[in-house]
Number of protein chains: 2
Amino acid sequence: MMPLVMDGLQYANWSETVFRQMRQGGIDAVHATVAYHGNFAEVEAAMAEWMLRCRRHRELILLASEFADLDRARRSSRTAIFPGLQNPSPIGDDLSLLEALYRLGVRFMQLTYNNQSLLGTGYMEAVDAGLTRMGREAVAEMNRLGMVIDLSHAGPDTALQAIEASAGPVAITHANPQFWHPIGRNIPDHVLKALAESGGMLGLSLYPLHLAGGSGCPLDAFCGMAAETAGRYGVEFLGIGSDLCQDRPAESLRWMRYGRWSLKSVKEEAFPRPVSWFQDNRQFPGLAAGLRQAGFSEQDAAAVLGENWHRFLRRVMVRG
Amino acid sequence: MMPLVMDGLQYANWSETVFRQMRQGGIDAVHATVAYHGNFAEVEAAMAEWMLRCRRHRELILLASEFADLDRARRSSRTAIFPGLQNPSPIGDDLSLLEALYRLGVRFMQLTYNNQSLLGTGYMEAVDAGLTRMGREAVAEMNRLGMVIDLSHAGPDTALQAIEASAGPVAITHANPQFWHPIGRNIPDHVLKALAESGGMLGLSLYPLHLAGGSGCPLDAFCGMAAETAGRYGVEFLGIGSDLCQDRPAESLRWMRYGRWSLKSVKEEAFPRPVSWFQDNRQFPGLAAGLRQAGFSEQDAAAVLGENWHRFLRRVMVRG
């Protein structure tokens with residue numbers, strides 16, 4: 001049997017083409033972003049779209065509600081879609097909406113995107129004040145629900161405090177170590193250490209801006225970084241979170257960056273050009289080969305490509 | 001003619017009785033809280049209620065939209081109601097909703113209530129990170145609209161940064177100096193100094209928890225504090241912001257403190273007993289007498305009771 005494969009985050013412009021490529025790449029599960037900004041009604045609409053997509057393409061994808069859906073999708077040669085938010089703004093100041101999000105099908109949520117949220121601080125703010133009063137209650141409620149706490153865009157203090165406050169492990173679904181590519185969006189060593197020691201997960205990102213060398217970063221450099229990270233903190237906490245933004249128009253980038261929180265007019269930019277060795281889901285098998293070349297054993301490469309996410313999701317999503 | 005009187009903040013359980021008492025007390029204008037927490041639709045509903053109240057009681061009150069409405073209300077022996085929010089949560093992460101709030105009739109907004117908001121930090125959080133990225137844009141937009149920036153519940157750094165960032169003067173509509181009653185909710189000297197120097201306003205609060213001696217605080221102690229504050233920072237920045245919560249049930253207190261951001265069950269508490277000399281709007285004239293006794297000249301007492309708010313509102317609300 002093929003090894004289990006999961007992608008810790010994608011934000012493709014979803015289409016039958018993308019879903020077929022997921023099958024061609026052998027992807028068993030994807031955490032799919034349904035919202036960056038906006039309100040609860042917008043998440044309802046986005047989730048309704050996913051329900052419709054999963055009916056229309058039921059031979060390709062399955063809307064995952066529980067951990068067992070991952071294995072269910074794998075057994076039926078489909079890809080399990082785990083919906084997630086990159087920002088808690090849809091719950092506003094109403095913590096009871098976390099359960100409502102869960103009931104709608106949301107299974108991952110970032111405590112912050114780039115900016116300050118009501119729960120914690122995003123990495124782009126001048127000062128990282130850590131978890132807020134509401135943030136501490138939100139962590140407890142996400143633990144209770146079995147919703148994955150995602151810290152990909154959090155400031156370091158917010159990330160550390162969330163790791164500490166959470167009763168179970170948390171994830172950074174899509175980012176790389178700062179020791180390899182020192183930008184604010186990547187993760188400093190002390191956070192990686194705390195994440196690994198707490199049983200959390202780091203999904204290594206293939207988004208060009210997160211890569212040393214950007215769009216020109218070679219596969220072997222990326223896989224060498226993965227090996228270095230595994231050497232420092234263990235292989236158990238490593239996965240892939242490709243941040244694939246396939247077929248997205250420029251306005252998606254504007255929305256990600258500015259939502260409606262800024263009224264400034266900004267120059268429209270296109271998405272950065274993806275690396276040649278990861279343009280769509282069909283190239284996942286190439287990652288496995290690259291990891292083997294970088295010195296990962298077959299077992300460790302399989303762990304990074306999916307088994308680690310699988311074990312982590314069981315711990316977060318399956319109750320007592 | 002009677003001196004002009006304005007109250008910088010009230011949150012009474014509004015009724016014909018309260019409006020009649022406003023007239024009996026000679027109040028020309030009140031900043032009335034319409035929301036603490038919640039979403040935009042809840043503000044729409046609260047504003048619709050105010051529109052209805054102002055139709056029903058048009059001989060007593062007037063829904064104020066512009067600065068001139070204050071004098072219009074005064075000339076027609078009515079009280080101008082300036083609606084305000086104690087929290088920016090109703091705009092969520094959508095800055096364009098500030099103009100929508102303004103168009104609905106909201107004329108004051110706090111950048112934060114007790115907790116972290118998307119704009120800045122409330123005084124009850126462990127760390128005050130100051131104005132956020134969205135907060136800086138919100139200040140500029142409120143300046144453009146002519147909406148009063150209220151910092152009553154802000155942390156000191158957030159307050160200082162807002163005073164600094166704002167193109168016009170800002171207000172702390174209801175609080176007292178910490179030098180008199182050193183609680184986190186009152187205002188430290190360096191913030192009072194910056195506020196006074198920037199042409200801002202401090203509305204002295206009559207809410208028992210903000211008073212040295214609480215519900216037992218005597219009128220002369222309060223007026224002595226007013227005199228001391230005027231001596232330190234000038235009389236020009238002083239007004240009254242009574243924080244009158246007349247006839248409010250205990251659940252209003254729970255809502256103020258916890259909204260829906262906390263899921264914890266808490267013991268229900270009643271509102272603190274008001275001071276004997278300020279139970280309702282009819283007792284405003286007694287404040288004037290108290291200020292005179294504490295050494296304020298007739299002119300300075302009139303400035304504190306309303307003229308200072310009047311001048312401040314002109315500066316904020318009247319363009320060019």
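Since every read-out is calculated from the coordinates, none of them should be taken as a lab result. This is a predicted model, so every value here is computed, not measured. Using ideal geometry, Cβ is built from the backbone for each residue, glycine included, and neighbour counts are taken over all protein chains shown.
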Its Cα gyration tensor gives region A:1-138 an equivalent ellipsoid whose semi-axes in whole Å, largest first, are 30, 15, 13
Whose amide H sits under 5 Å from the amide H of B:LEU9, counting only residues 5 or more places off or on another chain, with H placed in the peptide plane? B:HIS31, B:SER242, B:ASP243
According to a simple spin-label model (label point 7 Å from Cα along Cα-to-Cβ), what is the distance in nm between B:SER297 and A:SER65? 7.6
From the Cα trace of region A:56-116, what convex hull volume per residue do you get, rounded to a whole Å³? 97
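Write down the Å³ per residue value for the convex hull defined by the alpha carbon atoms of the protein assembly as shown.
Values: hull volume 94.7 nm³, N = 640.
Output value, Cα hull per residue: 148 Å³.
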Report, as a whole number in µm² per second, the diffusion coefficient that Stokes-Einstein gives for chain B at 10 °C and 1.306 mPa s using the Kirkwood radius over alpha carbon pairs. 82
Inter-copy distances for A:ARG319, label 7 Å out on the Cα-Cβ vector, sorted ascending, nm, one decimal, are 5.6
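How much length would be gained if the chain were fully extended between A:ARG314 and A:ALA250, taking 0.36 nm per residue of separation minus their Cα-Cα distance, in nm to one decimal?
Working: separation 64, 0.36 × 64 = 23.04 nm, distance 3.62 nm.
Additional length available on full extension: 19.4 nm.
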Copies of A:GLN24 compared via label points 7 Å along Cα→Cβ give distances in nm, shortest first, of 8.1
Considering amide H positions built from the backbone, and no H for Pro or chain starts, which residues 5 or more places from A:ILE187, or on another chain, come under 5 Å of its amide H? A:ASN176, A:GLN178
May I have the pair-distance distribution P(r) for region B:91-190, computed from all Cα-Cα distances with 5 Å bins from 0 and rounded to whole percent? 3, 15, 26, 25, 18, 8, 4, 1
Reach of B:LYS193 by Cα under 15 Å, taken over aspartates and glutamates that are not fewer than 8 positions away in the same chain: B:ASP157, B:GLU164, B:GLU228, B:GLU236
How big, in percent, is the set of alpha carbon pairs in region B:243-285 lying more than 16 Å apart? 45
Under a plain spin-label model, where a point goes 7 Å from the Cα along Cα-to-Cβ, how far apart in nm are A:ARG144 and A:GLU197? 2.9
With region A:130-239 reduced to its Cα atoms and the Debye formula applied, log10 I(q)/I(0) at q = 0.12 1/Å amounts to -0.40
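Report the trypsin sites (Lys or Arg not before Pro) located in region A:33-80 that are in a DSSP loop and have at most 15 other Cβ atoms inside 10 Å of their Cβ, or state none. Numbers along the way, then the final one.
On the way: sites: A:ARG53, A:ARG55, A:ARG56, A:ARG58, A:ARG72, A:ARG74, A:ARG75, A:ARG78; in loops: A:ARG58, A:ARG78.
Here the sparse-neighbourhood loop sites are A:ARG58.
Take every DSSP beta bridge with both residues inside chain B and express the antiparallel ones as a percent of the total, to the nearest 5.
Antiparallel: roughly 5 percent of the beta bridges in chain B.
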For the protein assembly as shown, share of DSSP beta bridges that run antiparallel, in % to the nearest 5: 5
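With a Förster radius of 35 Å, plug the Cβ-Cβ distance of A:SER76 and B:GLU42 into 1/(1 + (r/R0)^6) and report the FRET value to the nearest 0.05.
Working: r = 45 Å, r/R0 = 1.28.
The value I calculate is 0.20.
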If I stretch the segment between B:LYS267 and B:GLU99 completely, what's the gain in nm (0.36 nm per residue apart, minus their alpha carbon distance), one decimal? 56.7 nm
When DSSP assigns beta bridges and you keep just the ones with both residues in region B:121-262, what percent turn out antiparallel, to the nearest 5? 10
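Would you calculate, for chain B, the mean residue ellipticity at 222 nm contributed by helices, counting each DSSP H stretch of 4 or more residues as -39,500 (n - 2.57) and dividing by all residues, to the nearest 500?
Numbers: 12 runs with 123 residues, N = 320.
Result for chain B, helices only: -11500 deg cm²/dmol.
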Given axes a ≥ b ≥ c from the Cα gyration tensor, I'd like to know whether region A:183-249 is rounded (a/c under 1.5), prolate (a/b larger than b/c) or oblate. prolate
A:SER276 versus B:HIS190, label points 7 Å from Cα toward the beta carbon: distance in nm? 5.7
